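J.: Before we start, here is the structure in question, set down as structure tokens.
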Amino acid sequence: LKISEVVGPLPCREEEYANIYDFISSKLLDKCGGCMYISGVPGTGKTATIYSVVQELRQAVQTKQIPKFKFIEINGMRLTEPSQAYVEILKQLTGEKAAAERSASILNTYFNSNQKYATIVLVDELDLLWTRKQHVMYNLFDWPNARYSRLIVLAVANTMDLPERTMINRVSSRLGLTRLTFQPYSFNQLERIIRARLANLEEIFSPDAIQFVARKVAAVSGDVRRTLDICRRAVEIVNQQLDKGQDLDNSSDAKVEMKHVATAISEMFSSPKIAAIRNASVHEQLFLRAVIVSFRLSGVEETVFKEVYEQYVSICRTEGIMVCSPSEVLKLCQRLGSCKLLLVEPGCAQLAKIRLNVSQDDVSYAVQSAMQS
């Protein structure tokens, strides 16, 4: 039931898998570049599907069905600033280390000249690479169109219309992106995924329990990660009861039943903090998202107001939302602190230290479900 336990194509994503595989393999065989923009809410299998495709493509290279390629992966969440994308791509491509501006220049020359091998670049969390001047995102979309380019870019984001939001219309239309959208999982799909994950251990879950969790998550978000979280928690609840010597129903032995799933769901869906986040204002939710981005960029789960505000502004601009002033955002930060979602240390406003008082996963889930409700 762990998210990382994935081998081969994901259940219920066969069509998306085939689309990505066909797109990449055709570019490799034609020895040309291209860009596919892949969108969908979190937990819909976008990145995992790409990993599976690349795994199969590597096997096809071994049997000489397709030409060799270099696979590079960058994640906007792990870059200290958008221009570091150039640095990371160059480093993975050639092993060379250079400053951002120099890296961009080298890459521009490379992708505009004859290349011996194709390069596949997975750009995850593309939303975070947006800047006012748009150079990074524009280059990633434009380099594959160069005459001699063999660059294939797979751009992954949560927002379906990100190129239109962040680029001048004539620019976004000229780039000619191939698009693919991952829809949230349905009840039947989530049920099928759970059964596939359990494989030969399916008897430890009652059929009613599997259907119950699949139906509940499908109604809220369609997020497969949350589905597997609930299943894992239900198993933990049964194990805890066994450890404590509590009697389980004789008919069920140590099987996970609906009551165990219901308890796990109640813990995850009904906690006061998740309810508070779901009921928070749009800008309060944006601020919480900005806190998480700040944490992931620094690698430390503590930040300061100034850094969070910068990320808040970036998210607002990416999503076409009006930006509130620093003083207004400081007030909502204080409100989040007063309801114990944040721990805000007193001090200079711009340098006030901020920590989450709730898990990052719960923030992401609550905000996502609020957006879809």
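J.: Would you mind telling me which numbered condition in (1) surrounded by fewer than 15 Cβ atoms within 10 Å (Cβ to Cβ); (2) touching a Phe, Trp or Tyr at 6+ places or on another chain (Cβ under 9 Å); (3) in a loop (DSSP other than H, G, I, E, B) Q350 fails?
T.: (3)
J.: Return yes when L180 is buried (at least 19 other Cβ atoms within 10 Å of the Cβ) and at pLDDT 90 or above and no when it is not.
T.: In short, yes.
J.: So which of L190, L228, L242, L198 is among the hydrophobic types (A, V, I, L, M, F, W, C), without any contact (Cβ under 8 Å) to a residue 24 or more places away in the chain, assigned to a helix (DSSP H, G or I) and out of contact with any Pro (no Cβ under 9 Å at 6 or more places or on another chain)?
T.: Result of the check over L190, L228, L242, L198: L242.
J.: Further question on the same structure: Do we have any residue at all in the stretch 292-315 that's surrounded by 14 or more Cβ atoms within 10 Å (Cβ to Cβ) and assigned to a strand (DSSP E or B)?
T.: Looking through the stretch 292-315, at least one residue is surrounded by 14 or more Cβ atoms within 10 Å (Cβ to Cβ) and assigned to a strand (DSSP E or B).
Residues checked against (1) exposed (fewer than 14 other Cβ atoms within 10 Å of the Cβ); (2) of a type outside the set (G, A, S):
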site: Q189; (1), (2): no, yes
site: D208; (1), (2): yes, yes
site: A218; (1), (2): no, no
site: L228; (1), (2): no, yes
site: E236; (1), (2): yes, yes
site: N239; (1), (2): yes, yes
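Each row is one residue, and each column tells you yes or no for (1) within 22 Å of the chain's Cα centre (by Cα); (2) loosely packed, with under 15 Cβ neighbours inside 10 Å; (3) at pLDDT 95 or above.
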site	(1), (2), (3)
I50	yes, no, yes
R58	no, yes, yes
K68	no, yes, yes
I72	yes, no, yes
N75	yes, no, no
L79	yes, no, no
P82	yes, no, no
I89	yes, no, yes
L93	no, no, yes
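The values are calculated or read from the model by the stated rules, or taken from the named source; none is laboratory data. In this text the structure is predicted, and so the values were computed from the model without any measurement. With ideal geometry, Cβ positions are generated from the backbone for all residues, glycine too; neighbour counts draw on all protein chains shown.
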